[in-house]
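Please treat every number below as a calculation from the coordinates, not as lab data. Keep in mind that what you see is a predicted model, and the values were worked out from it rather than measured. As a convention, Cβ positions derive from the backbone with ideal geometry for all residues, glycine included, and neighbour counts pool all protein chains shown.
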Amino acid sequence: MGRCTIYLLLILIALSIVTCKQKEKESTSKAVAVDATFFIQENLLSPITIEEVKLSGGTTTNCYKIEVRSEPGEHTMGPWCPRHIEDGKEKGGIWFEDGKVYDVDGHFIANIAEFYADAKWKLYNEDGSIRVTTTQEACEGAAKPNVEEAYKNHCVECMPSYYKDKITTYYIPVSPIYSEKKKNPGRGEPLGLAFNGVNFDPPAPTHAILAAHTVAPLDDCGGHVNPHGGYHYHAATGCTKKITQEDAHASMIGYALDGFGIFELLDTNGKEPTDLDTCHGHEDEVRGYHYHAGTPGGNQIIGCFHGETGNMVVSP
Ligand SMILES: [Zn+2]
Ligand SMILES: [Zn+2]
């Protein structure tokens, strides 16, 4: 064997040791595999299976296929819109503005023109009854970007029963793949899902909603219904299944579409993490890279993805 060949071999060996070490570091420090047993089994339409899927970043990898109806098992849905301006807060849901959560009770509805400093608001009739979208036709005329004229100045609610036959299928990478490049959710793409299979949606389009002088309250659990995906969350308010942690870290409430865990905001001492990135994520030894949900009034559960995402399909 010539001297050159030996040098070449030594260089190759050294290189492969370096790359192996790097790979090891990436997989141990960034990614903790998804635990499919965390999902509430009674909420699944079929047992979770594994399929090869091409992720958003181009990587083809094993994904969990999770089939559900977008309905929680562990809490009730609604109410959303109160029916009379005398109704108490137990008759309505919540709404948010500037990071704050407000009860949508009769008083809120009666005073909404003042609240938004805009005299065009009037969500109630002379007898005090509130103008609510009470049929599927009305809900669909109001719950879209160009709100139909007839449903402007309405409190908008859609019932889960209108869309109870929809099936939601998620593909979540078994082992998440961290990416330096951040990614925003695409059109119709959710941020992730709770352990009950209900999706965490990107921020509600409050601009379009308010421009039509409508409100689309969330229930006290942070969810409401739209014609595309059925029931979904815009806020994590603590109603859904949680996995408590062995240390003081906040409890886990679900998975993002990239397979990284989503945790509540506050740890057991009531403290917020101080080192979150713009996606609301950070990393620790136990949980690898993971996200923390934003405050309920913030209209943003997580900010973006730091991993390659799987996808969600709703049918029919
Ligand atoms: Zn929504
Ligand atoms: Zn954390």
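Find how many whole Å separate the alpha carbon centroid of the stretch 197-248 from the alpha carbon centroid of the stretch 59-130. Each part's Cα centre sits 10 Å from the other's. Summing charges over all other residues whose Cβ lies under 14 Å from the Cβ of TYR170, with Lys and Arg as +1 and Asp and Glu as -1, gives -2. Of the trypsin sites (Lys or Arg not before Pro) found in the stretch 167-204, the ones in coil according to DSSP and having at most 12 other Cβ atoms within 10 Å of their Cβ are ARG187. Hey, quick one: spin label on GLU90, modelled 7 Å out along Cα-Cβ, who in the stretch 203-237 has an amide N within reach, i.e. under 20 Å? Once the point is set 7 Å along Cα→Cβ of GLU90, 218-222 turn out to lie under 20 Å by backbone N, inside the stretch 203-237.
Loop-located GluC sites (Glu not before Pro) in the stretch 79-134 (DSSP state not H, G, I, E or B) with no more than 16 neighbouring Cβ atoms inside 10 Å: GLU86, GLU126.
For the pair THR59 and ASP284, the difference between a 0.36 nm per residue extended length and the Cα-Cα distance amounts to 78.5 nm. Per residue, the convex hull spanned by the Cα atoms of the chain amounts to 162 cubic angstrom.
By the helix-only formula, in which each DSSP H run with n ≥ 4 contributes -39500 (n - 2.57) and the sum is divided by residues, the chain has a 222 nm mean residue ellipticity of -4500 deg cm²/dmol. Ranking TYR231, CYS155, PHE200 by how far each Cα lies toward the positive end of the dipole of the chain (charges on Cβ) leaves PHE200 at the top. Quick check: from the Cα gyration tensor, does the stretch 85-210 come out rounded (a/c under 1.5), prolate or oblate? Cα axes put the stretch 85-210 in the prolate bin.
Filter the trypsin sites (Lys or Arg not before Pro) in the stretch 128-179 down to the DSSP loop ones having no more than 16 other Cβ atoms within 10 Å, then list what survives. Hits after loop and neighbour filter: LYS152, LYS164.
Contact order for the chain, expressed relative to its length and based on alpha carbon pairs under 8 Å spaced 6+ residues apart, stands at 22 percent. Sequence-distant or interchain residues sharing an amide H contact under 5 Å with GLY192, placed H: which? The list, which skips near neighbours in sequence, is PHE200, LEU257. Here the Karplus curve 6.51 cos²θ - 1.76 cosθ + 1.60, taken at θ = phi - 60°, turns the phi angles of the stretch 34-43 into couplings of 5, 9, 5, 6, 5, 5, 6, 4, 5, 8 Hz, with x standing for Gly and Pro. Neighbours of PHE195, meaning other residues whose beta-carbon lies under 9 angstrom from its beta-carbon, give a summed charge of +1 when Lys and Arg score +1 and Asp and Glu score -1. Rounded to the nearest 10 degrees, the angle from helix 3-30 to the longest Cα principal axis of the chain is 30 degrees.
Charges were assigned to the Cβ only: +1 to each Lys and Arg, -1 to each Asp and Glu. The resulting dipole of the chain about its Cα centre is roughly 1120 debye.
Given axes a ≥ b ≥ c from the Cα gyration tensor, I'd like to know whether the stretch 180-316 is rounded (a/c under 1.5), prolate (a/b larger than b/c) or oblate. Prolate shape, in that a/c is at least 1.5 and a/b is the bigger ratio.
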